[in-house]
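Novice: Right, I'll just put the structure down here and ask away after.
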Amino acid sequence: MPGPRRYRNIAELPAVIPVFPLAGVLLLPHARLPLNIFEPRYLAMVDAVMSDARIIGMIQPKTPGQDMAPRPALSNVGCAGRIVEYAETEDGRYLITLAGLARFCVRAIRQETSPFRQVSADYSSYAQDFDSVNNPEIARAKLIATLKPYLRERDMKIDWQSIENAQAETLVNALSMICPFEPAEKQALLEAPGLKERAETLIALLELANASSTPATGGGTPIN
């Protein structure tokens, strides 16, 4: 098996990539996504890319609940990731981790001879995804203030020391990926033009969720 290939810009990314449609699951540039692969068509997909570019496009079905459909309609934008960790289990599953590289627009769905889907990917709108982000200014205090009641309502635990110390990009991307937003909301986070806009979208989604939540009653402990 060839050694891992490094990608430095969108010109080096393959024009045709296999895609993994998964509702509510988000991969973002410079972030990592662990996946448990067990369906035969996606096991075949991993086999194919491991001997080639190691690139998989994460994308959401246009209609939630269509993940298991043979040919679900796809969202217009996804994110390409490179397999950076790979392991096989005794029961035949693959445990992989994707490192997000760049977003792409779906220009065409290929006529498939393989069991998995492939698309013609256009990365031209997202060339900046390869750029380093030097901890740009975001509304961190507002983000944390809206995050606390959101997590408390859902009984989700978090390492607040890590939150305080995290770089802006790491913080915004991690929260965008792990918070259980609706698929359309996840797509809005993916399609935000840059980190500042993604942070603003994240705050707006947290505020909306907080406003629609039923106030907790009795026995609660504030998150500090």
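The values are calculated or read from the model by the stated rules, or taken from the named source; none is laboratory data. Predicted model only: the values in this text are computed from it and were never measured. FYI the Cβ positions are ideal-geometry reconstructions off the backbone, even for glycines, and counts take in every protein chain you see.
Novice: Run down Ala168, Ala127 and say which single residue is under 17 Å from Ala199 (Cβ atoms) and at pLDDT 90 or above.
Specialist: Matching residue, one of Ala168, Ala127: Ala168.
Novice: Could I ask something else about it? Answer yes or no: is there a residue in region 118-130 that is β-branched (Val, Ile, Thr) and either surrounded by 19 or more Cβ atoms within 10 Å (Cβ to Cβ) or in contact with a strand residue (DSSP E or B) (Cβ under 9 Å, 6 or more places away or on another chain) (or both).
Specialist: yes
Novice: Sticking with this structure for a sec: Is it fair to say Arg103 is surrounded by fewer than 16 Cβ atoms within 10 Å (Cβ to Cβ), at pLDDT 95 or above and in contact with a Phe, Trp or Tyr (Cβ under 6 Å, 6 or more places away or on another chain)? Show your work before the answer.
Specialist: Working: surrounded by fewer than 16 Cβ atoms within 10 Å (Cβ to Cβ): no; at pLDDT 95 or above: yes; in contact with a Phe, Trp or Tyr (Cβ under 6 Å, 6 or more places away or on another chain): yes.
No: the conditions fail for Arg103.
Novice: Mind counting the residues in region 164-179 that are within 19 Å of the chain's Cα centre (by Cα), surrounded by fewer than 18 Cβ atoms within 10 Å (Cβ to Cβ) and either of a type in the set (Val, Ile, Thr) or assigned to a helix (DSSP H, G or I) (or both)?
Specialist: Residues that pass the stated criteria total 3.
Novice: Separate question: Return the residues of region 140-163 that are assigned to a loop (DSSP other than H, G, I, E, B) and surrounded by 14 or more Cβ atoms within 10 Å (Cβ to Cβ); say none if nothing qualifies.
Specialist: First, the residues of region 140-163 that are assigned to a loop (DSSP other than H, G, I, E, B): 154-159.
Across region 140-163, the qualifying residue is only Ile158.
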